[in-house]
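Report on the structure given below.
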Amino acid sequence: MKQDASASDRFRFFPQLNDLQEDQKRWLGSDSRLFESAALTYFAGESLQNRLVREIAAARLLSIKEVLESFEFFARVRKQARAACVADLCCGHGLIGVLYAMFEKRVERVILADRVQPPSRLKLIEIATLVAPWIEPKIENVQAQLSPSDGMVPAGAAIVSAHACGVLSDLCIQIAIESGGPLAILPCCYPKSACQAPQSLVAELGLKMAFDVDRTYRLEAAGYLVRWTSIPSTITPMNRVICARRRKTV
Ligand SMILES: C[S@@+](CC[C@H](N)C(=O)[O-])C[C@H]1O[C@@H](n2cnc3c(N)ncnc32)[C@H](O)[C@@H]1O
């Protein structure tokens, strides 16, 4: 079912943000660190998500943009891209994987994989564990240069990745096709040289749309059913989410 633009532009985890004025909303896509005072104002209340955001702010760990991007991406894909094992690839700070460990009871194992391990990830795991102690045994930190067929992702694992820049999104697609599990990506940075879409589509649809159409056909050809959705454009203009599940065979 096609979602209307206004529905996908609404905040799901934090509905209070939907009521902000346009000039206040500009802050939601900002790269500035999230401070405690702002967190106390906008993320009051005792829900798990509000408590986690306040802890992130107290530690001055991430920008408001990174926080909202991860939460809203997770809100849109958590049911479709879910398996007992979830791999957050090119995870950076790893917040998306942490959210799976925290909010999805049926997720038993979360792999956070990236070629580098920023200090923010260990700190994030530490403070998230204070808010939700049950996440600790689920999380596995892996420092690795990912490549197709490296066997790092177990068969059937759900693969998620936000801002796997350029061809890293294609790497995630390739790994998902090989491991057979569901996939959800939020692509960003579309290098023209790596776009495999026909020139006529690039000319007519623009590079980003043509790139993602080509990715969609690649997934469908590999037996996946693909769905597009988006996170609020106030967080980032690169807000398309591609979600894919293997079709059931009869
Ligand atoms: C733009 S960051 C995205 C981080 C995070 N997912 C987010 O939403 O903020 C891209 C990440 O990909 C990682 N990366 C790049 N090439 C990689 C590779 N071949 N294998 C694993 N990680 C890689 C980088 O270290 C970086 O953390």
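The values are calculated or read from the model by the stated rules, or taken from the named source; none is laboratory data. These numbers come from a predicted model, not from an experiment. In this analysis, Cβ positions are derived from the backbone assuming ideal geometry, glycine residues included, and neighbour counts consider all displayed protein chains.
Just a few scattered comments:
- Here D31 passes the criteria (1) surrounded by fewer than 16 Cβ atoms within 10 Å (Cβ to Cβ); (2) at pLDDT 95 or above except the one numbered (2).
- Output for segment 120-143, where each listed residue is within 13 Å of the ligand (Cβ to nearest atom) and surrounded by fewer than 13 Cβ atoms within 10 Å (Cβ to Cβ): Q143
- Matching residues, segment 36-49, being within 13 Å of Q16 (Cα to Cα), part of a helix (DSSP H, G or I) and free of Cβ contacts under 8 Å to residues at least 12 places away in the same chain: T41
- Among (1) more than 15 Å from P232 (Cβ to Cβ); (2) surrounded by fewer than 21 Cβ atoms within 10 Å (Cβ to Cβ) - the single one A75 does not satisfy: (1)
- Comparison of A162, A158 shows that the only residue that is surrounded by 16 or more Cβ atoms within 10 Å (Cβ to Cβ), within 22 Å of A244 (Cα to Cα), among the hydrophobic types (A, V, I, L, M, F, W, C) and within 14 Å of the ligand (Cβ to nearest atom) is A162.
- Residues located in segment 88-108, provided they are within 11 Å of the ligand (Cβ to nearest atom), within 20 Å of G156 (Cα to Cα) and either in contact with a Lys or Arg (Cβ under 9 Å, 6 or more places away or on another chain) or assigned to a helix (DSSP H, G or I) (or both): C90, C91, I96, G97
- Restricting attention to segment 4-35, the residues that are outside any helix (DSSP H, G or I) and farther than 24 Å from V77 by Cα total 6.
- For segment 222-250, the candidate set comprises residues that are among the small types (G, A, S) and touching a residue at least 60 places away in the same chain (Cβ under 8 Å); within that set, the residue that is surrounded by the fewest Cβ atoms within 10 Å (Cβ to Cβ) is S233.
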